[in-house]
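Trainee: My questions will all concern the structure given below.
The values are calculated or read from the model by the stated rules, or taken from the named source; none is laboratory data. All values derive from a computational prediction rather than experimental measurement. No Cβ is skipped: glycine too gets one built from the backbone with ideal geometry, and neighbour counts run over all protein chains shown.
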Amino acid sequence: MFDAALLKDAADTLDAARRESAFIVTVESCTGGLVAAALTAVAGSSDAVEGGYVTYTNEAKVRLGVSSELVEAHGAVSEEVARAMAEAGLSATAKAPQPDGPAVSRVCVSITGIAGPGGGTAQKPVGLVHFAASYKGRTRHIKHTFGDVGRAKVREDSVVVALGLIRRALAG
């Protein structure tokens with residue numbers, strides 16, 4: 001399902017989480033759960049992955065805890081919503097009991113974008129993706145415009161960016 005390079009990237013991300021005693025949480029829109037799938041494709045990932053949310057619609061984002069006013073003001077594909085998604089993912093998991101295992105903290109990555117082929121505008125073109133990672137009170141944001149390179153390519157490249165962002169967040 002995933003190529004060797006992506007699985008290596010996922011394994012490196014899991015190792016980074018283990019070093020920091022952190023569980024990974026994902027909140028995904030345009031990737032539809034691919035980040036969580038890549039991480040859990042690695043054997044033994046259950047000691048570093050807590051779970052994930054696929055918030056494909058605006059309503060799902062709001063149910064998770066993203067403000068509907070924020071979505072209306074900035075649109076689902078925005079820095080503000082990506083940050084709120086990551087923070088909402090942490091908040092939602094903080095309400096649950098700590099999973100079994102050595103991890104003592106959580107890092108949450110979020111992805112929201114326009115994978116295409118339609119849905120883009122001049123201001124928000126196909127291939128625009130916003131990422132955020134929230135860890136220990138800090139939320140980082142990255143914006144990528146991959147271009148109209150095809151839906152599968154935007155989603156695949158987004159997984160790579162998200163895994164890298166998790167590692168950077170964990171590294172401080």
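Trainee: Within the stretch 1-18, can you find the residues that are among the hydrophobic types (A, V, I, L, M, F, W, C) and either under 19 Å from L90 (Cα atoms) or assigned to a helix (DSSP H, G or I) (or both)?
Mentor: First, the residues of the stretch 1-18 that are among the hydrophobic types (A, V, I, L, M, F, W, C): 1-2, 4-7, 10-11, 14, 16-17.
Result: A4, A5, L6, L7, A10, A11, L14, A16, A17.
Trainee: Which condition number does G137 fail, the rest of (1) within 17 Å of the chain's Cα centre (by Cα); (2) at positive phi; (3) surrounded by 14 or more Cβ atoms within 10 Å (Cβ to Cβ) being met?
Mentor: Unmet for G137, out of (1) within 17 Å of the chain's Cα centre (by Cα); (2) at positive phi; (3) surrounded by 14 or more Cβ atoms within 10 Å (Cβ to Cβ): (3).
Trainee: Can you tell me which of (1) at positive phi; (2) over 17 Å from the mean Cα position of the chain (by Cα); (3) modelled with pLDDT of 95 or more; (4) not polar (S, T, N, Q) is the one G101 doesn't meet?
Mentor: G101 satisfies every listed condition except (3).
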